[in-house]
Amino acid sequence: MVNEYIERRNKFLEKLPDDSICIIFGGSEIRRSADEAFKFQVDYNLFYLTGIKQAETILVFVKSKDTRKTLLFIQKFDELKEKWTGIRLKEDEVRAISGIETILYTEDFGNESERVIKGFNKVTICLDYESAANYGSFDKFFSVEEYKNSLSTAFKHLDFLDISDELKLLRMVKSSYEIEELRKAIHNTNLGLTAILKQLKPEKFEYEIASLFKYIISLDGNAKLSFNTIAASGKNATILHYPDPIDKMKDGDLLLLDLGSDHNEYKADISRTYPINGKYSDIQKRIYEIVLNCNKHIIEIIKPGLTIKYLQEETKRFMANELIKLNLIKESDEIIKYYYHNVSHHLGLDTHDISLRELPLVKGNVITVEPGLYIKELGIGIRIEDDVLVTENGSECLSKEIVKEIDDIESIMRE
């Protein structure tokens, strides 16, 4: 795996201009109370380039015509702190994971970065302007924008460059390693959904289903949720990001699930819609089949050169035609009443992975396909979402093992 991180950094270095310093912050813990911090989440750009997930980590690239250096700043060993909050990676461990030889301490970042900057007559500071990572101590945090302003004040020989798009371009194309991690996350998600199908029934609460999924996926090496599980029954399913799964599920209603398992930081993102009593009604079947057929149609047409915008327009066209046949709408532009989100986004380390959405798809992109219909007056919300790899000439549905045909779902529930 270390070679993967080295290769990623080499590709990134090629994108940087000569006489530049690139700084990527991993982020700092944020205090929650007097003696507790919020759960730390590393900036995924830093993780993508190093494999390091701990707080107070800073990655620095130095590039000139004659020199290329990579520096990694980490927290200094603190015996007392480790007794309270857990063991931190030591220098040799960081080297083994990342393949970076020059390991320094975060407390020395200010002095060391100043020394490097002063070594150039004119230098471009490359920063990820879109990063949400903060850097600092518990007393004072600095955003990327604030850090840029402090450098502008301290030094007069600096230019600045936003390298957000270069990081997006790298992360949009998945390596074979990344695709395998996504397959594992999707497989674990399927285990959770299968357990749900076998235990779903009326009078249970939505939160019981969400909790069951979390428990089942955790059996795989304490796997995490990709995001907070959406378990929305009946009319709740017409709320796209239904926040609190607290209602009792009723006989005759549907349960819309939007969920996923994380595997080594790579995220599955799957939606399925199940009949709570084990059998779809006639109207539920008709709406479900529109969404299902649209899902399969979009997966079938995906290939390099198409854009996500094109897939969205094709989704709207397909479902509008079907709803006109059902007399639910009269004109195509009325589709917005029942379908009001995008059909696709990029997937990877983030559930909505960073991307340049307007670019045509290329081999190695992984995207979601998630058409849905939300008909509040019927109490029906249906979404069917799969994770799809763009291949050389078409696509591969990475989540094809997760059942979505009506007969398959009802058969499993009968068992």
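Over the chain, DSSP H runs of length four or greater, each weighted -39,500 (n - 2.57), average out per residue to a 222 nm ellipticity of -11500 deg cm²/dmol.
Just to confirm a number: summing +1 for Lys and Arg and -1 for Asp and Glu over residues other than PRO243 whose beta-carbon lies under 13 angstrom from that of PRO243, what do you get?
Net charge around PRO243: -4.
In this label model, SER152 and THR194 are separated by 5.6 nm, measuring between points 7 Å along each Cα→Cβ vector.
Beyond 19 Å, what share of the Cα-Cα pairs of the range 168-255 is found? Please give it as a whole percent.
Working: 1856 of 3828 pairs.
Across the range 168-255, Cα pairs with separations above 19 Å total 48 percent.
Exposure check, 1.4 Å probe, all protein chains in place: SER33 carries approximately 50 Å² of accessible surface. Using a 7 Å offset from Cα along Cα-Cβ at ASN228, what residues in the range 259-294 end up with backbone N under 16 Å from the label point? 259-260, by backbone N distance to the label point.
When averaged across all projection directions, what area in nm² does the alpha-carbon convex hull of the range 28-109 cover? The partial results should precede the final answer.
On the way: hull surface 24.4 nm².
Average of the hull's projected areas for the range 28-109 equals 6.1 nm².
Once both labels are positioned 7 Å from their Cα atoms along Cα-to-Cβ, the gap between LYS303 and ILE406 label points is 3.1 nm. Helix 176-199 axis versus longest C-alpha principal axis of the chain: approximately 40°, rounded to the nearest ten.
For GLU130 and ASN342, what is the calculated FRET efficiency with R₀ set at 25 Å and r taken between the beta-carbons, to the nearest 0.05?
E(calc), rounded to 0.05, equals 0.85.
Could you tell me what percent of the DSSP beta bridges with both partners in the chain are antiparallel, to the nearest 5?
Details: 43 of 56 bridges.
Taking every DSSP beta bridge with both residues in the chain, the antiparallel ones total about 75 percent.
The candidate values were (i) 1.11; (ii) 0.96; (iii) 1.05; the one computed from these coordinates for Cα Rg over 2.2 N^0.38 Å carries the label (i). The long axis of helix 144-154 is offset from the longest Cα principal axis of the chain by roughly 20 degrees. Remark on the range 272-394: Rg and Dmax equal 15.0, 43 Å (Cα only). Overall, the accessible surface of the range 256-307 at a probe of 1.4 angstrom is composed of carbon and sulfur to the extent of 44 percent. The alpha-carbon atoms of the range 1-139, seen along their principal axes, cover 47, 33, 27 angstrom, with the largest extent given first. Across the cross-link table entries LYS76/LYS267; LYS174/LYS224; LYS11/LYS400, which are compared at the Cα atoms, the separations over 29 Å belong to LYS76/LYS267; LYS11/LYS400.
Kindly state, to the nearest 0.05, the FRET efficiency for LYS204 paired with LYS83, given R0 = 41 Å and r defined as their beta-carbon distance. For LYS204 and LYS83, the calculated efficiency is 0.45.
The values are calculated or read from the model by the stated rules, or taken from the named source; none is laboratory data. Just so it is clear, the structure is predicted and the values come from calculations on it, not from any experiment. Virtual Cβ from ideal backbone geometry, glycine too; neighbours counted across all protein chains shown. Each accessible area value is taken on the protein alone, full model and side chains, heavy atoms only, with ligands, DNA and RNA left out. Shrake-Rupley method; radii C 1.70, N 1.55, O 1.52, S 1.80 Å.
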